Amino acid sequence: MNNISIIIFANNEEKLIYDAVFEIIETIDKFDFLYEIIIINDGSKDKTINEIKKLELNYPKIIKILDNLTKEGIAKSVKKGLEIASFDKVLWLPGDGAYEPISLKNIMINNENYDLIIGYRNNKSERKFKRFFLSYILSVILNMIFFENIKDYNGTIIFNKKDFELIYFPEHPSFQWVILIQLLKLKKKYIQKPVNMKIPEPGNTSTSINFKTFFSYFFSLVNLIRRVFFNNNDK
């Protein structure tokens, strides 16, 4: 396994962030590679930052903190985390501990020969139907448009930090599938591996899709088609 930077995004995760990070450390600390955990507090209104500082105190050689004084959103926050990541491989995770840590081990090991590791949610059918259905529809649409065969565009991915400089990184919630398509079109060598989510899911499991989100996804898709098929790389 290559050394890895793990970026964790947290917004109002006071009750979950400590255990989520602790479980990851306990799981991967047994393996023979270096890692760091960059925790981004995105303008939380609760005591999330206090829990993060406890982690930093207990694991000063592992934990880095970015504290957004106001909410900037997951995409912009992850991008800031990427910019300070120390290692070549980068993974990001939600701050609610949604993934089973032992399952994450599967995507972190034996991947030296790949540029991109795509962790697809193996137990999606056990989730709330609406969340599973929307994720499934998104994957079908993207596979049809871009001629791919990816099982899950919104699972979790590991990629090379140097490739970050080769792609457009949007600052909106649809950032993951936008960058994933771009990496695939750059012919990066990839492998798909299963990961499991905790059931029931921790944290905010809202399934609401409003017009703002819908149009954000729609314009992201149009912009991505323009970039991929018409070689338009304007920021």
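The values are calculated or read from the model by the stated rules, or taken from the named source; none is laboratory data. Fair warning: this is a prediction, and the values are worked out from it, not measured in the lab. Here the Cβ positions follow ideal geometry from the backbone for every residue, glycine too, while neighbour counts run over all protein chains shown.
Structure notes:
- The set of residues in segment 68-101 that are in contact (Cβ under 8 Å) with a residue 60 or more places away in the chain, in a loop (DSSP other than H, G, I, E, B) and of a type outside the set (A, V, I, L, M) comprises 71, 73, 86, 87, 88, 95, 96, 97, 100.
- Residue-level check: of (1) surrounded by 16 or more Cβ atoms within 10 Å (Cβ to Cβ); (2) in a helix (DSSP H, G or I), residue 50 misses just (1).
- Condition met for residue 167 (at pLDDT 95 or above, of a type in the set (Val, Ile, Thr) and more than 29 Å from residue 16 (Cα to Cα)): no
- Against the test of being modelled with pLDDT of 95 or more, assigned to a loop (DSSP other than H, G, I, E, B) and surrounded by fewer than 18 Cβ atoms within 10 Å (Cβ to Cβ), the options 56, 14 yield a single qualifying residue, 14.
- Residue ID - surrounded by the most Cβ atoms within 10 Å (Cβ to Cβ), chosen from residues in segment 139-157 that are farther than 19 Å from residue 76 by Cβ and of a type in the set (A, V, I, L, M): 142
- A search for C-beta distances below 8 Å between a residue of segment 138-156 that is in a helix (DSSP H, G or I) and any residue that is exposed (fewer than 14 other Cβ atoms within 10 Å of the Cβ), counting only pairs 6+ apart in sequence or on different chains, returns 143/149.
- Put simply, of 97, 73, 43 the only residue that is surrounded by 14 or more Cβ atoms within 10 Å (Cβ to Cβ), more than 25 Å from residue 148 (Cβ to Cβ), over 16 Å from the mean Cα position of the chain (by Cα) and of a type in the set (Gly, Ala, Ser) is 43.
Yes/no matrix, rows are residues, columns are (1) polar (S, T, N, Q); (2) out of contact with any strand residue (DSSP E or B) (no Cβ under 7 Å at 6 or more places or on another chain); (3) over 21 Å from residue 170 (Cα atoms):
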| position | (1), (2), (3) |
| --- | --- |
| 9 | no, no, no |
| 18 | no, yes, yes |
| 27 | yes, yes, yes |
| 31 | no, yes, yes |
| 91 | no, no, no |
| 102 | no, yes, yes |
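- For beta carbons closer than 8 Å, sequence separation of 6+ or different chains, a first residue in segment 158-183 that is free of Cβ contacts under 8 Å to residues at least 60 places away in the same chain and a second that is among the β-branched types (Val, Ile, Thr) and not in a helix (DSSP H, G or I), the qualifying pairs are 176/157; 179/167; 182/167.
- For segment 158-197, a residue qualifies if it is crowded, with 16+ Cβ neighbours inside 10 Å, part of a loop (DSSP other than H, G, I, E, B) and over 15 Å from the mean Cα position of the chain (by Cα), and the qualifying residues are 167, 188.
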